[in-house]
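The structure appears right after this line, and notes come after that.
The values are calculated or read from the model by the stated rules, or taken from the named source; none is laboratory data. This is a predicted model, so every value here is computed, not measured. We place every Cβ from the backbone using ideal geometry, glycine too, and count neighbours over all the protein chains shown. Accessible surface is based on the protein model in full, side chains and every heavy atom, while ligands, DNA and RNA are left aside. Shrake-Rupley method; radii C 1.70, N 1.55, O 1.52, S 1.80 Å.
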Amino acid sequence: MCCVVNVVNVIELKEIKLDKTTLKIKEKESASLIVKYNPSNATNKNVIWESSNKRVATVDQTGKIIGIKAGTTTIIVKTKDGKHVSNCKVTVEAISKKVTSVSLDKKELEIN
């Protein structure tokens, strides 16, 4: 019988950081965060993304954030084993609405 053995040199991850620590977006706008790994050639780069307040902004598993409503939330990325964590404070601003008409409650006003 024969057995093939593959020896893999595991490069331990020491730290993760996001490319931004704060971010401002508008409602319905999107932005992306990028994870920086130290060392960059670490063997295991599996991470999980979370939003601390999904009513303000959501994040998918690629780091894409979508603003839902005005407020603040923290986007958190962590390694699957939980050893390393980084976060970004996200402020979602309300979309300013354009005035389309103006009306008055009186047609005439007499002032003494």
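Within the range 24-57, being of a type in the set (Phe, Trp, Tyr) and within 18 Å of VAL90 (Cα to Cα) holds for one residue alone: TRP49.
Hey, does the range 70-93 have a residue that's basic (Lys, Arg) and open to solvent by less than 80 Å² (accessible area, probe 1.4 Å)?
Narrowing the range 70-93 to residues basic (Lys, Arg): 78, 80, 83, 89.
Right, trim to open to solvent by less than 80 Å² (accessible area, probe 1.4 Å) and you get 78.
Looking for residues that are basic (Lys, Arg) and open to solvent by less than 80 Å² (accessible area, probe 1.4 Å), one finds at least one in the range 70-93, hence yes.
Checking the conditions here, which among GLU29, GLU15 is within 15 Å of ASP81 (Cα to Cα), modelled with pLDDT of 95 or more and open to solvent by 60 Å² or more (accessible area, probe 1.4 Å)? Spell out the reasoning first.
Details: GLU29 fails: within 15 Å of ASP81 (Cα to Cα).
Answer to the check: GLU15.
Per the listing ALA42, ALA57, the residue uniquely over 20 Å from the mean Cα position of the chain (by Cα) and either buried (at least 16 other Cβ atoms within 10 Å of the Cβ) or hydroxyl-bearing (Ser, Thr, Tyr) (or both) is ALA42.
Quick check on LYS64: is it open to solvent by 60 Å² or more (accessible area, probe 1.4 Å), of a type in the set (D, E, K, R) and within 18 Å of VAL90 (Cβ to Cβ)? Considered against the rule, which asks whether it is open to solvent by 60 Å² or more (accessible area, probe 1.4 Å), of a type in the set (D, E, K, R) and within 18 Å of VAL90 (Cβ to Cβ), LYS64 comes out as yes. Summed over the range 65-78, the residues that are farther than 13 Å from LEU18 by Cβ and not in a loop (DSSP other than H, G, I, E, B) give a count of 5.
Going through (1) open to solvent by 90 Å² or more (accessible area, probe 1.4 Å); (2) within 9 Å of the chain's Cα centre (by Cα) one by one, TRP49 falls short only on (1). Residues satisfying the criterion are absent from the range 48-55 (criterion: touching a residue at least 40 places away in the same chain (Cβ under 8 Å) and either touching a Ser or Thr at 6+ places or on another chain (Cβ under 8 Å) or among the hydroxyl-bearing types (Ser, Thr, Tyr) (or both)).
Among the listed residues ILE48, ILE66, identify the single one that is modelled with pLDDT of 95 or more and under 28 Å from LYS97 (Cα atoms).
Details: ILE48 fails: under 28 Å from LYS97 (Cα atoms).
Result of the check over ILE48, ILE66: ILE66.
Listed here are the strands (runs of 3 or more DSSP E) enclosed by the range 1-59 that have at least 2 residues being more than 13 Å from THR73 (Cβ to Cβ): 15-18, 30-32, 35-38, 47-51.
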